[in-house]
Amino acid sequence: MFKIIKASDGTVLALTEDVTYIKKADNGCYILCPEPDASGISYAGTPYHLFGRKPLDDAESVILEPTDIGGWIMGAKAAIEDADEMNVDQAYRLTLLELNVSDTDDTENT
């Protein structure tokens, strides 16, 4: 897995499993190429210049950083589980309010 990071400010633009390396052909079109020959990458149809390589017109410069996505996935999973628990708790409390029932004591509510 690779992070695609803007060279200008360090913003993570995307994560990708497989990098599509490109270079500019003699006719001005971008073509696929092996990594050693690449001047840039293509992601979601947008060309990006690889920082430190031959310039690609006005393409934004990016840095590729290999990364282990496992930590990100586990963090997202934990956040989703927390949100689910909060949603269930809120739904429970709203139901109790609608029924005029209190979950804090056993006395009858009027």
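Here's the yes/no breakdown for (1) exposed (fewer than 10 other Cβ atoms within 10 Å of the Cβ); (2) closer than 18 Å to PHE2 by Cα:
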position	(1), (2)
PRO34	yes, yes
ASP37	no, no
TYR43	no, yes
TYR48	no, yes
LYS54	no, no
VAL62	no, yes
THR67	no, yes
MET74	no, yes
ASP84	no, no
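Quick one: which strands (runs of 3 or more DSSP E) sit completely within the chain and have at least 2 residues that are modelled with pLDDT of 85 or more and out of contact with any Lys or Arg (no Cβ under 9 Å at 6 or more places or on another chain)?
2-6, 20-24, 40-43, 46-50
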SER8 meets each of (1) in contact (Cβ under 8 Å) with a residue 24 or more places away in the chain; (2) in the same structural domain as SER102 (by TED's automatic domain parsing) with one exception, condition (2)
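The values are calculated or read from the model by the stated rules, or taken from the named source; none is laboratory data. Worth saying up front: this structure is predicted, and the values here are computed from it rather than measured. All Cβ positions, glycine included, derive from the backbone under ideal geometry; neighbour counts span all protein chains shown.
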